[in-house]
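The values are calculated or read from the model by the stated rules, or taken from the named source; none is laboratory data. From a predicted model like this one, the values you see are computed outputs, not experimental measurements. Every residue, glycine among them, receives a Cβ derived from its backbone with ideal geometry; neighbour counts consider all protein chains shown.
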Amino acid sequence: MSDADQTRPAPAETARGPVIEIRGLHKAYGQLEVLKGVSLTAPRGHVISLIGSSGSGKSTLLRCCNLLEDSQQGEILFEGEPVKWRGTGMARAPADRAQVTRLRTNLSMVFQQFNLWSHLTILQNVMEAPVQVLRRNPAEVEARARALLAKVGIGDKADAWPAQLSGGQQQRAAIARALCMEPKALLLDEPTSALDPELQQEVVKVIKDLAGEHRTMLLVTHDMRLAADVSDHVVFLHQGRIEEEGAPAQLFGAPRSDRLRQFLSATMAE
Ligand SMILES: Nc1ncnc2c1ncn2[C@@H]1O[C@H](COP(=O)(O)OP(=O)(O)O)[C@@H](O)[C@H]1O
Ligand SMILES: [Mg+2]
């Protein structure tokens, strides 16, 4: 088998299309237009990073992807399947509950503030959704959960409470929890921003490992080095529009727009 054959996806995979595709998405909170026609594609196995100033709409875009937020116009496709809507404009909402659940359980989210359950141990946190939501076999989920905790370097913390862990360890537990759902993509919203610099690196390492395994990820980050290192494609959002996008070498090495140049010099100066 040639190298080309090995890297080409099987026909069944291609048929399903990108994991996530967003076409011309518009989203407003009341009078405030937050997304003004954003289009984005996350092909299987790719890491797409979203960068931009605070308030540019990055979190909103992630939350629209897994339907935590409604949107008023534009399409969202999961593995080529368009989200079904009822109503239009401000009254638009997903029409098919089963579809929403399927999409949400396939796009696991990792938040800046970890959001672990404080009354559950680390192991219970990781097992909770696969057992309670997906009704998977607890023994199998436990084996997978323990393996994932070991993979993110906290195999010895399974029986600890979240409050007993450092922020970096809690965030790695949150990533293990997201992975235990066996999602088609991970959506990470500033996963390192709440951490002290020395703890950020342990989370960065986990994200780099996942990128190396060709996990599909949508990554919102302030860490330009991380975005440059792991991304296949970088999207710069400015006031709810894509101002510039491209390969990391292009975006960081030869930014074209003034706004991106300004943003990068401001971020690098931090
Ligand atoms: N639930 C909400 N209600 C009203 N306005 C919101 C809400 N969430 C976010 N916004 C506003 O939407 C804009 C984009 O926010 P956000 O997507 O969080 O940006 P970012 O993640 O890029 O910092 C901001 O002006 C923010 O104040
Ligand atoms: Mg945000």
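Looking for whichever is more than 28 Å from Glu69 (Cα to Cα) and either assigned to a helix (DSSP H, G or I) or of a type in the set (Lys, Arg) (or both) here; the options are Leu149, Leu179. Which one fits?
Leu149
Which one of Arg256, Arg261 is more than 13 Å from the chain's Cα centre (by Cα) and not in a helix (DSSP H, G or I)?
Among Arg256, Arg261, only Arg256 is more than 13 Å from the chain's Cα centre (by Cα) and not in a helix (DSSP H, G or I).
Are there any pairs with C-beta distances below 6 angstrom linking a residue in the stretch 206-229 that is on the phi < 0 side of the Ramachandran plot to a residue that is away from ligand 2 (no atom under 16 Å from the Cβ) and of a type in the set (Lys, Arg), with the two at least 6 apart or on different chains, and if so which?
Cβ pairs passing all conditions: Val206/Arg172; Thr216/Arg44.
Restricting attention to the stretch 214-247, and to residues there that are in a loop (DSSP other than H, G, I, E, B) and among the acidic types (Asp, Glu), which single residue is surrounded by the most Cβ atoms within 10 Å (Cβ to Cβ)?
For the stretch 214-247, the residue satisfying everything is Asp223.
Filter the stretch 16-36 down to residues that are more than 16 Å from ligand 1 (Cβ to nearest atom) and of a type in the set (A, V, I, L, M, F, W, C), then give me how many there are.
Counting residues in the stretch 16-36 that are more than 16 Å from ligand 1 (Cβ to nearest atom) and of a type in the set (A, V, I, L, M, F, W, C) gives 2.
Among the residues of the stretch 79-86, is any within 16 Å of ligand 1 (Cβ to nearest atom) and either surrounded by fewer than 16 Cβ atoms within 10 Å (Cβ to Cβ) or farther than 21 Å from Pro18 by Cβ (or both)?
For the stretch 79-86, residues within 16 Å of ligand 1 (Cβ to nearest atom) and either surrounded by fewer than 16 Cβ atoms within 10 Å (Cβ to Cβ) or farther than 21 Å from Pro18 by Cβ (or both): absent.
Among the residues of the stretch 165-186, is any of a type outside the set (Asp, Glu), over 14 Å from the mean Cα position of the chain (by Cα), at pLDDT 95 or above and under 16 Å from Gly45 (Cα atoms)?
No, because not a single residue in the stretch 165-186 is of a type outside the set (Asp, Glu), over 14 Å from the mean Cα position of the chain (by Cα), at pLDDT 95 or above and under 16 Å from Gly45 (Cα atoms).
Being under 13 Å from the mean Cα position of the chain (by Cα) and at negative phi narrows it down to one residue among Lys27, Lys36, Lys58, Lys84; which is it?
Of Lys27, Lys36, Lys58, Lys84, the one residue that is under 13 Å from the mean Cα position of the chain (by Cα) and at negative phi is Lys58.
Take the stretch 214-248 and flag every residue that is among the acidic types (Asp, Glu) and closer than 18 Å to Ile20 by Cβ.
If the condition is that a residue be among the acidic types (Asp, Glu) and closer than 18 Å to Ile20 by Cβ, then Asp232, Glu245 are the ones that fit.
Consider the stretch 107-137. How many of its residues are β-branched (Val, Ile, Thr) and in a loop (DSSP other than H, G, I, E, B)?
Going through the stretch 107-137 one residue at a time, the tally reaches 2.
Among the numbered criteria (1) more than 16 Å from the chain's Cα centre (by Cα); (2) at pLDDT 95 or above; (3) more than 14 Å from Phe111 (Cα to Cα), which single criterion is violated by Asp196?
Looking at each condition in turn, Asp196 falls short on (2).
Out of (1) closer than 21 Å to Leu210 by Cα; (2) in contact (Cβ under 8 Å) with a residue 12 or more places away in the chain, what's the single condition that is false for Asp156?
Among (1) closer than 21 Å to Leu210 by Cα; (2) in contact (Cβ under 8 Å) with a residue 12 or more places away in the chain, Asp156 violates only (2).
Listed here are the residues, each with its yes/no results for (1) within 16 Å of ligand 2 (Cβ to nearest atom); (2) within 19 Å of the chain's Cα centre (by Cα).
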site: Asn106; (1), (2): no, yes
site: Glu128; (1), (2): no, no
site: Leu219; (1), (2): yes, yes
site: Asp223; (1), (2): yes, yes
